[in-house]
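Colleague: My questions will all concern the structure given below.
The values are calculated or read from the model by the stated rules, or taken from the named source; none is laboratory data. Everything numeric here is computed off the predicted structure, so don't read it as measured data. Neighbour counts run over all protein chains shown; Cβ positions are idealised from the backbone, glycine included.
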Amino acid sequence: MTATTGAGREHIERVLEIIKKTERDGLMTDRRGEGLAGISGLKTVGALQRLVGLFADDSRACYLEIGVFQGLTLVSAALAAPGLACFGIDNFATLDPDGKNREIATERLQRFGAVNATLIDSDFEAALADLDGRLDGRKIAVYFIDGPHDYRSQMVCLLLALGHLHDRCVIVIDDANYACVRQATADFLAGHPGFKMVFEAYGPAHPANMEGAELEHWEEGWLNGVNVLVRDAEGLLPDMVPPTESDKTRHFNEWLIHRLRRAELAPEAVVLADAICTGDVAAEEKARKALLNKYGIWRDISDGRYPDRNTASGGLTEARFNEISE
């Protein structure tokens, strides 16, 4: 066995032991009584707390998360490894109906003394494209992906970070109960054999569809599911992929929706369709109003499109070459 293989094996075994310990014990440090709470599963938080400890003495390493929400995971990771630079990316554009999450996250960083944490107030894709200017030469050792959960966003989070990942990086992908999240994980692994999945866990339903004791139980666990990946350049681990749907209808529907004139109205249209199909008259009226309100926002743009087969061709060049410069 070479020294490199030994180091790789030891690291992967330590990651596995951390996840097993988290399965047994949950949170490493519990600050909920002091107001540090959020919507991540507590085992997910506990795993992050322990994983950052692997790199606490590595000056070239850092922690990065996509999706800060109100700061639970960013603060927890920063406090668990005070010497490790921690970064959280969020523009607080979703899951923030009162527009207070940025303020809450900032206040928590200050109140808990997470001085090694930096909040990057930006669209995640723009921030990932500019990581060279933000990480100051550091490599992402623990990467927590908990931003938008559509397939493309998941892939962008994985692909744009590739060149910035530590040679012993651990990637924790949240909300893996969503089929599109698992599909992105599976496709990433298929295209990047130097990474392997070491752990997966799923709940019985999204927490929005649970209540009472059941909800409390899964909040103490991995909540809406996780996939955990490690860099395994030496191929020590066998292939392991998350379950994906054999029927790709929903993925194919993305193209069918995107080409339509009213594509941006799709969520409201589906809610209206559900109300019509179930015969819920009150819900139908509410959904119809929501759809027309959204149409009012997009009217000027969507009215100028073809009814179908829109290819977003405006402004595209007829032909262009990329040639080798002399």
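Colleague: Which residues, taken from segment 134-162, are part of a strand (DSSP E or B) and closer than 24 Å to GLU254 by Cβ?
Modeller: Scanning segment 134-162 gives a single hit, ILE145.
Colleague: Kindly indicate whether any position in segment 35-46 is surrounded by fewer than 18 Cβ atoms within 10 Å (Cβ to Cβ), in the same structural domain as PRO97 (by TED's automatic domain parsing) and more than 30 Å from LEU215 (Cα to Cα).
Modeller: No, because not a single residue in segment 35-46 is surrounded by fewer than 18 Cβ atoms within 10 Å (Cβ to Cβ), in the same structural domain as PRO97 (by TED's automatic domain parsing) and more than 30 Å from LEU215 (Cα to Cα).
Colleague: Turning to a different aspect of this structure: Return only the number of the condition from (1) in contact with a Pro (Cβ under 9 Å, 6 or more places away or on another chain); (2) closer than 24 Å to ILE145 by Cβ that LEU260 does not satisfy.
Modeller: Unmet condition: (2).
Colleague: Could you grab me the full set of residues in segment 264-303 that are exposed (fewer than 10 other Cβ atoms within 10 Å of the Cβ) and assigned to a loop (DSSP other than H, G, I, E, B)?
Modeller: Hit for segment 264-303 is GLY279, nothing else.
Colleague: Pull up segment 221-245, narrow it to residues that are loosely packed, with under 14 Cβ neighbours inside 10 Å and farther than 23 Å from HIS11 by Cα, then point me to the one that is farthest from the chain's Cα centre (by Cα).
Modeller: Only one residue fits best here, namely GLU245.
Colleague: Starting from residues that are of a type in the set (A, V, I, L, M, F, W, C) and out of contact with any strand residue (DSSP E or B) (no Cβ under 8 Å at 6 or more places or on another chain), keep the ones in segment 92-128 and report whichever is nearest to TYR143 (Cα to Cα).
Modeller: Selected residue: ALA126.
Residue-wise test of (1) touching a residue at least 60 places away in the same chain (Cβ under 8 Å); (2) in contact with a strand residue (DSSP E or B) (Cβ under 7 Å, 6 or more places away or on another chain); (3) within 24 Å of ASP175 (Cα to Cα).
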| residue | (1), (2), (3) |
| --- | --- |
| VAL230 | yes, yes, yes |
| ALA266 | no, no, yes |
| ALA290 | no, no, no |
| ASP300 | no, no, no |
